[in-house]
Amino acid sequence: MSEHETVWIAVGGRSNSAQRSYHTDPNCSGLKSAKRVAEKPRVTLSARTKHCRLCSGDYRPHAAGDGRKMQKRLLESKPEDLGLSSLSEDSA
Ligand SMILES: [Zn+2]
């Protein structure tokens, strides 16, 4: 990632939370509610400014609901069932 990367932040909004994150995609839906969008070099941002979850790819709405279900399935499954037997230390 380049230090001279340009990012976008929402400014002038009612919520301060928008200003605590920056966007790497100017068309990000996280910016749509912003009154104004400011383009800034990423280096000028505070270290506390987080990369928006939408354009960073962290936020996956379709996976959110299934996450807990999947975790439960993993807990109930034997490693062998998941094809993970090679990861088990007991088999070494
Ligand atoms: Zn974003």
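Rule-based calculations on the coordinates, nothing more; no lab input. Please read all numbers here as calculations on a predicted model, not as lab measurements. Here the Cβ is made from the backbone with ideal geometry for all residues, glycine too, and neighbour counts use every protein chain on show.
Remarks
- Gain on full extension, evaluated as 0.36 nm per residue between TYR59 and ARG20 minus their Cα-Cα distance, stands at 12.4 nm.
- Modelled label positions at LEU75 and SER33, each set 7 Å beyond Cα in the direction of Cβ, lie 3.2 nm from each other.
- Straightening the chain between VAL43 and HIS4 buys 13.4 nm, computed as 0.36 nm per residue apart minus the Cα-Cα spacing.
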